[in-house]
Amino acid sequence: MAEDKTKRGVTRRRAMWYGTGGVALAGSAAMLAYLGLRSAGGKIVEAEVFPAGYGRDPQLVNPVRPAWQLSLSEDQRSQLSAIADIVLVPDAEHPRPSEVGVPAFLEEWLSAPYPDQKADRDLILPLLERLSARSETALASELPRLAASGDEAMLRLIELVAGGYVSTRAGQRAIGFIGDQASLTFEGPPPAVVAEIERRAAAL
């Protein structure tokens, strides 16, 4: 079904589009497990959580979870859970992001001691502070307004929510991803996908 472009805000389809481009990055957070961190005065600083260190050979067979110290407050975790469920509204076929581990993914991502994740933390935590007094009803109207206005932190959080969601089995089913399933034949990508890629390539 074609997306109604007259609607303002962020539709489920648009949110999923935001996220699919970042799936590889989203899925990599749990793999980068050779540095630790600690929280000091609200700032994230590197620390030797693992004195022996992972070096350049992370333990993937028996990974330590969480790979680094999680640093969000209970209120921040609750906010992320509520926001994720507003960004991707559940329906009969798609469970809530909060039901498939997306808030836990977001916390691990925003706690990670790497430059990209630290930049996201610096961008998104002030957004959570701005929204901290909003009820879920108020958030439901405020988040689409922020996204439509081009708010950088809101758009990045939408990308992370969608990226986290499509890295779950439920999210993979939602976008029709079958890349990790064995198949005896390959019929090629759907014509609609090819057309979209060609459209975007032509615009470059």
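The values are calculated or read from the model by the stated rules, or taken from the named source; none is laboratory data. It should be emphasised that the depicted structure is a prediction, and the values quoted were computed from it without experimental measurement. Note that each Cβ is placed from the backbone with ideal geometry, even for glycine, and that neighbours are counted across all protein chains shown.
Among the residues making up region 113-149, those that are surrounded by 13 or more Cβ atoms within 10 Å (Cβ to Cβ) and either of a type in the set (Ser, Thr, Tyr) or in contact with a Phe, Trp or Tyr (Cβ under 8 Å, 6 or more places away or on another chain) (or both) are Pro113, Tyr114, Gln117, Asp120. Report yes if some residue within region 160-178 is over 16 Å from the mean Cα position of the chain (by Cα), surrounded by fewer than 18 Cβ atoms within 10 Å (Cβ to Cβ), modelled with pLDDT under 95 and assigned to a helix (DSSP H, G or I); otherwise report no. The answer is yes; a qualifying residue exists.
Close Cβ contacts (under 8 Å, 6 or more residues apart or on different chains) running from residues in region 111-130 that are touching a residue at least 12 places away in the same chain (Cβ under 8 Å) to residues that are of a type in the set (Asp, Glu) and in a loop (DSSP other than H, G, I, E, B) comprise Leu127/Asp151. In region 59-86, the residues that are touching a residue at least 40 places away in the same chain (Cβ under 8 Å) reach residues that are buried (at least 19 other Cβ atoms within 10 Å of the Cβ) and among the aromatic types (Phe, Trp, Tyr) with C-beta atoms within less than 9 angstrom, at least six apart or across chains, in these pairs: Ala84/Tyr165. Examine region 171-193 for a residue that is touching a helix residue (DSSP H, G or I) at 6+ places or on another chain (Cβ under 9 Å) and under 19 Å from Leu106 (Cα atoms), and state whether such a residue exists. Yes; the residues of region 171-193 include at least one that is touching a helix residue (DSSP H, G or I) at 6+ places or on another chain (Cβ under 9 Å) and under 19 Å from Leu106 (Cα atoms). List the residue pairs whose Cβ atoms are under 9 Å apart, where the first residue sits in region 183-195 and is hydrophobic (A, V, I, L, M, F, W, C), the second is at pLDDT below 90, and the two are 6 or more positions apart or on different chains. Matching pairs, first to second residue: Val194/Gly188.
Of the residues Ser71, Ser78, which single one is in a helix (DSSP H, G or I) and over 19 Å from Glu159 (Cβ atoms)? Exactly one of Ser71, Ser78 is in a helix (DSSP H, G or I) and over 19 Å from Glu159 (Cβ atoms), namely Ser78.
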